[in-house]
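Only one structure is covered here, and it is reproduced in the block below.
The values are calculated or read from the model by the stated rules, or taken from the named source; none is laboratory data. Worth saying up front: this structure is predicted, and the values here are computed from it rather than measured. We place every Cβ from the backbone using ideal geometry, glycine too, and count neighbours over all the protein chains shown. Just so you know, the surface numbers come from the protein's heavy atoms only, side chains and all, with ligands and any DNA or RNA stripped out. Shrake-Rupley method; radii C 1.70, N 1.55, O 1.52, S 1.80 Å.
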Amino acid sequence: MSAMAKHVLGIIIASTRPGRAGKPIADWFTAIASKHAGFEAKVLDLKEINLPFSDEAEHPRFKKYSHEHTKKWSALVESCDAFVIVTPEYNYGYPAPLKNALDLVYREWNHKTCGFVSYGGVSGGTRAVQQLKQVTQALQMASPAEAVVIPMFPKHLTDGAFISDEPLDKAADAMLDALAKLTGALKTLRG
Ligand SMILES: Cc1cc2nc3c(=O)[nH]c(=O)nc-3n(C[C@H](O)[C@H](O)[C@H](O)COP(=O)(O)O)c2cc1C
(Lines give C-alpha, C1' and ligand atoms only; values in the text may rest on other atoms or scores of the structure.)
Protein backbone atom coordinates (compact mmCIF):
# COMPACT_ATOMS: atom_id res chain seq x y z
CA MET A 1 0.00 0.00 0.00
CA SER A 2 2.84 2.41 0.86
CA ALA A 3 3.95 2.62 -2.78
CA MET A 4 0.42 3.60 -3.83
CA ALA A 5 -1.23 6.99 -3.46
CA LYS A 6 -2.86 7.42 -0.08
CA HIS A 7 -6.61 7.88 0.23
CA VAL A 8 -7.67 11.13 1.88
CA LEU A 9 -9.58 10.28 5.05
CA GLY A 10 -11.92 12.81 6.68
CA ILE A 11 -12.44 12.12 10.38
CA ILE A 12 -15.77 13.69 11.32
CA ILE A 13 -16.27 14.67 14.96
CA ALA A 14 -20.04 14.52 15.39
CA SER A 15 -20.43 15.92 18.90
CA THR A 16 -20.42 19.71 19.23
CA ARG A 17 -21.13 19.92 22.97
CA PRO A 18 -18.86 21.85 25.37
CA GLY A 19 -16.70 19.30 27.21
CA ARG A 20 -17.53 16.59 24.65
CA ALA A 21 -15.94 13.18 24.98
CA GLY A 22 -15.85 13.06 21.19
CA LYS A 23 -12.78 15.29 20.95
CA PRO A 24 -10.34 13.13 22.98
CA ILE A 25 -11.73 9.99 21.34
CA ALA A 26 -11.23 11.53 17.89
CA ASP A 27 -7.69 12.64 18.90
CA TRP A 28 -6.82 9.03 19.78
CA PHE A 29 -8.31 7.70 16.55
CA THR A 30 -6.65 10.42 14.43
CA ALA A 31 -3.24 9.47 15.84
CA ILE A 32 -3.82 5.86 14.75
CA ALA A 33 -5.21 6.82 11.32
CA SER A 34 -2.23 9.15 10.72
CA LYS A 35 0.11 6.17 11.05
CA HIS A 36 -1.91 3.98 8.65
CA ALA A 37 -0.14 3.47 5.32
CA GLY A 38 -3.37 3.71 3.32
CA PHE A 39 -4.55 7.12 4.45
CA GLU A 40 -3.72 10.77 4.79
CA ALA A 41 -5.98 11.88 7.64
CA LYS A 42 -7.68 15.22 8.15
CA VAL A 43 -10.11 16.17 10.89
CA LEU A 44 -13.55 17.59 10.07
CA ASP A 45 -14.70 18.91 13.44
CA LEU A 46 -18.38 19.86 13.23
CA LYS A 47 -17.99 22.14 16.25
CA GLU A 48 -15.29 24.20 14.50
CA ILE A 49 -16.96 24.04 11.08
CA ASN A 50 -20.14 25.28 12.74
CA LEU A 51 -22.63 24.77 9.90
CA PRO A 52 -25.99 26.51 10.31
CA PHE A 53 -29.08 24.33 10.10
CA SER A 54 -30.36 23.58 6.60
CA ASP A 55 -30.59 26.91 4.73
CA GLU A 56 -30.19 26.06 1.02
CA ALA A 57 -33.19 26.31 -1.33
CA GLU A 58 -32.11 23.77 -3.95
CA HIS A 59 -31.79 20.02 -3.51
CA PRO A 60 -28.10 19.34 -2.83
CA ARG A 61 -27.85 17.01 -5.83
CA PHE A 62 -27.86 20.11 -8.08
CA LYS A 63 -24.82 21.58 -6.24
CA LYS A 64 -26.30 25.07 -6.63
CA TYR A 65 -25.19 26.36 -3.28
CA SER A 66 -26.02 29.95 -2.37
CA HIS A 67 -24.04 30.23 0.87
CA GLU A 68 -20.31 30.40 1.35
CA HIS A 69 -20.45 27.98 4.32
CA THR A 70 -22.11 25.34 2.12
CA LYS A 71 -19.53 25.87 -0.65
CA LYS A 72 -16.72 25.44 1.89
CA TRP A 73 -18.31 22.28 3.34
CA SER A 74 -18.86 20.94 -0.19
CA ALA A 75 -15.16 21.47 -1.01
CA LEU A 76 -14.07 19.79 2.23
CA VAL A 77 -16.24 16.71 1.64
CA GLU A 78 -15.21 16.63 -2.02
CA SER A 79 -11.53 16.59 -1.01
CA CYS A 80 -11.92 13.28 0.87
CA ASP A 81 -12.07 9.73 -0.50
CA ALA A 82 -13.21 8.13 2.74
CA PHE A 83 -14.67 9.15 6.09
CA VAL A 84 -14.72 7.92 9.64
CA ILE A 85 -17.53 9.28 11.76
CA VAL A 86 -16.73 9.54 15.47
CA THR A 87 -20.14 9.60 17.10
CA PRO A 88 -21.87 9.37 20.46
CA GLU A 89 -25.40 8.07 20.91
CA TYR A 90 -28.12 10.53 21.89
CA ASN A 91 -31.44 8.91 22.77
CA TYR A 92 -30.47 5.83 20.75
CA GLY A 93 -29.72 8.02 17.72
CA TYR A 94 -26.89 10.22 16.48
CA PRO A 95 -26.42 13.98 17.00
CA ALA A 96 -28.54 16.44 15.01
CA PRO A 97 -25.55 18.52 13.77
CA LEU A 98 -24.24 15.35 12.09
CA LYS A 99 -27.52 14.76 10.21
CA ASN A 100 -27.45 18.40 9.12
CA ALA A 101 -23.86 18.08 7.86
CA LEU A 102 -24.73 14.89 5.96
CA ASP A 103 -27.83 16.40 4.36
CA LEU A 104 -26.24 19.69 3.24
CA VAL A 105 -24.37 18.13 0.31
CA TYR A 106 -25.03 14.99 -1.70
CA ARG A 107 -22.84 14.15 -4.69
CA GLU A 108 -19.74 14.92 -2.65
CA TRP A 109 -20.46 11.80 -0.54
CA ASN A 110 -21.32 9.48 -3.45
CA HIS A 111 -19.24 6.34 -3.95
CA LYS A 112 -17.07 7.06 -0.95
CA THR A 113 -16.64 4.98 2.17
CA CYS A 114 -17.63 5.49 5.77
CA GLY A 115 -16.25 3.78 8.85
CA PHE A 116 -17.52 4.32 12.38
CA VAL A 117 -16.07 4.95 15.82
CA SER A 118 -18.92 4.98 18.33
CA TYR A 119 -19.06 5.37 22.08
CA GLY A 120 -21.66 5.30 24.82
CA GLY A 121 -22.89 3.25 27.77
CA VAL A 122 -23.58 -0.47 27.38
CA SER A 123 -24.50 0.00 23.72
CA GLY A 124 -21.16 1.60 22.80
CA GLY A 125 -23.13 3.85 20.44
CA THR A 126 -24.08 0.96 18.16
CA ARG A 127 -27.71 2.06 17.88
CA ALA A 128 -26.56 5.42 16.52
CA VAL A 129 -24.36 3.63 13.98
CA GLN A 130 -27.25 1.44 12.81
CA GLN A 131 -29.23 4.60 12.06
CA LEU A 132 -26.24 6.16 10.33
CA LYS A 133 -25.85 3.16 8.04
CA GLN A 134 -29.34 3.75 6.67
CA VAL A 135 -28.58 7.41 5.96
CA THR A 136 -25.11 6.89 4.51
CA GLN A 137 -26.51 4.23 2.19
CA ALA A 138 -28.92 6.83 0.78
CA LEU A 139 -25.84 9.00 0.17
CA GLN A 140 -24.38 6.10 -1.87
CA MET A 141 -21.66 5.39 0.65
CA ALA A 142 -20.34 1.97 1.63
CA SER A 143 -19.15 0.78 5.03
CA PRO A 144 -16.98 -2.12 6.12
CA ALA A 145 -18.40 -4.48 8.73
CA GLU A 146 -15.37 -3.74 10.91
CA ALA A 147 -16.03 -0.91 13.37
CA VAL A 148 -14.69 0.58 16.57
CA VAL A 149 -17.18 0.32 19.44
CA ILE A 150 -16.38 1.86 22.82
CA PRO A 151 -18.84 0.82 25.57
CA MET A 152 -18.62 2.53 28.96
CA PHE A 153 -16.26 5.10 27.48
CA PRO A 154 -15.74 7.17 30.71
CA LYS A 155 -13.44 4.43 32.03
CA HIS A 156 -11.02 5.39 29.21
CA LEU A 157 -10.99 9.11 30.05
CA THR A 158 -8.33 10.46 32.40
CA ASP A 159 -7.80 14.22 32.84
CA GLY A 160 -9.56 14.84 29.53
CA ALA A 161 -7.39 12.38 27.58
CA PHE A 162 -8.57 9.12 26.03
CA ILE A 163 -6.55 6.14 27.22
CA SER A 164 -7.11 3.25 24.83
CA ASP A 165 -6.28 -0.42 25.29
CA GLU A 166 -4.93 -3.07 22.96
CA PRO A 167 -8.32 -4.38 21.73
CA LEU A 168 -9.41 -0.86 20.81
CA ASP A 169 -6.14 -0.09 19.00
CA LYS A 170 -6.47 -3.37 17.09
CA ALA A 171 -10.12 -2.66 16.23
CA ALA A 172 -9.13 0.75 14.87
CA ASP A 173 -6.41 -0.75 12.67
CA ALA A 174 -8.70 -3.54 11.44
CA MET A 175 -11.40 -1.05 10.52
CA LEU A 176 -8.88 1.16 8.70
CA ASP A 177 -7.50 -1.83 6.76
CA ALA A 178 -11.00 -2.80 5.62
CA LEU A 179 -11.86 0.82 4.85
CA ALA A 180 -8.73 1.25 2.70
CA LYS A 181 -9.61 -1.80 0.58
CA LEU A 182 -13.20 -0.70 0.10
CA THR A 183 -12.14 2.87 -0.72
CA GLY A 184 -9.80 1.62 -3.44
CA ALA A 185 -12.63 -0.42 -4.96
CA LEU A 186 -15.12 2.45 -4.86
CA LYS A 187 -12.66 4.92 -6.43
CA THR A 188 -13.10 2.99 -9.68
CA LEU A 189 -16.77 4.10 -9.71
CA ARG A 190 -15.86 7.79 -9.56
CA GLY A 191 -14.92 9.86 -12.59
C1 LIG B 1 -29.02 14.31 24.82
C2 LIG B 1 -28.23 13.10 25.29
C3 LIG B 1 -28.74 11.85 25.09
C4 LIG B 1 -27.99 10.72 25.45
N5 LIG B 1 -28.46 9.47 25.15
C6 LIG B 1 -27.63 8.40 25.28
C7 LIG B 1 -27.98 7.13 24.73
O8 LIG B 1 -29.02 6.94 24.13
N9 LIG B 1 -27.10 6.11 24.87
C10 LIG B 1 -25.88 6.27 25.50
O11 LIG B 1 -25.12 5.31 25.56
N12 LIG B 1 -25.54 7.46 26.05
C13 LIG B 1 -26.38 8.54 25.95
N14 LIG B 1 -26.03 9.76 26.44
C15 LIG B 1 -24.79 9.86 27.25
C16 LIG B 1 -23.61 10.07 26.34
O17 LIG B 1 -23.05 8.81 26.01
C18 LIG B 1 -22.55 10.96 27.00
O19 LIG B 1 -23.13 12.17 27.44
C20 LIG B 1 -21.40 11.28 26.06
O21 LIG B 1 -20.45 12.07 26.74
C22 LIG B 1 -21.88 12.01 24.81
O23 LIG B 1 -20.82 12.23 23.92
P24 LIG B 1 -20.16 13.67 23.76
O25 LIG B 1 -19.65 14.07 25.14
O26 LIG B 1 -19.05 13.50 22.78
O27 LIG B 1 -21.23 14.60 23.27
C28 LIG B 1 -26.75 10.89 26.09
C29 LIG B 1 -26.26 12.18 26.31
C30 LIG B 1 -26.98 13.27 25.91
C31 LIG B 1 -26.39 14.66 26.10
- Criterion (at pLDDT 95 or above, out of contact with any helix residue (DSSP H, G or I) (no Cβ under 6 Å at 6 or more places or on another chain), more than 16 Å from the ligand (Cβ to nearest atom) and in a loop (DSSP other than H, G, I, E, B)) met by exactly one of Ala31, Ala37, Ala5: Ala37
- Taking interchain pairs and intrachain pairs at least six residues apart, which have beta carbon atoms under 6 angstrom, with the first residue in the stretch 8-23 and over 14 Å from Ala161 (Cβ atoms) and near the ligand (Cβ under 9 Å from one of its atoms) and the second hydroxyl-bearing (Ser, Thr, Tyr) and not in a loop (DSSP other than H, G, I, E, B)? Ala14/Thr87
- Message: All but one of (1) under 25 Å from Glu48 (Cβ atoms); (2) touching a Leu at 6+ places or on another chain (Cβ under 7 Å); (3) open to solvent by 40 Å² or more (accessible area, probe 1.4 Å) hold for Val84; state the number of the condition that does not hold.
- Response: (3)
- Hits in the stretch 50-60 - residues which are of a type in the set (A, V, I, L, M) and surrounded by 17 or more Cβ atoms within 10 Å (Cβ to Cβ): Leu51
- Item | Scope the stretch 131-156; condition in a helix (DSSP H, G or I), over 24 Å from Arg61 (Cα atoms) and open to solvent by 40 Å² or more (accessible area, probe 1.4 Å); matching residues | Phe153, Pro154, Lys155
- Spot the failing condition for Lys187; the list is (1) more than 16 Å from the ligand (Cβ to nearest atom); (2) modelled with pLDDT of 95 or more, and only one is missed. (2)
- Task: Taking the residues in the stretch 90-115 that are within 14 Å of the ligand (Cβ to nearest atom) and of a type in the set (A, V, I, L, M, F, W, C) as candidates, determine which candidate is least open to solvent (accessible area, probe 1.4 Å).
- Result: Leu98
- Message: Could you tell me how many of the residues in the stretch 76-89 are within 16 Å of the ligand (Cβ to nearest atom) and either among the β-branched types (Val, Ile, Thr) or under 16 Å from Leu139 (Cα atoms) (or both)?
- Response: 4
- Query: Is it true that Asp165 is in contact (Cβ under 8 Å) with a residue 40 or more places away in the chain, away from the ligand (no atom under 16 Å from the Cβ) and either touching a Ser or Thr at 6+ places or on another chain (Cβ under 6 Å) or of a type in the set (D, E, K, R) (or both)?
  - Reply: no
- Query: Could you say whether any residue in the stretch 61-72 is in contact (Cβ under 8 Å) with a residue 24 or more places away in the chain, in a helix (DSSP H, G or I) and open to solvent by 50 Å² or more (accessible area, probe 1.4 Å)?
  - Reply: yes
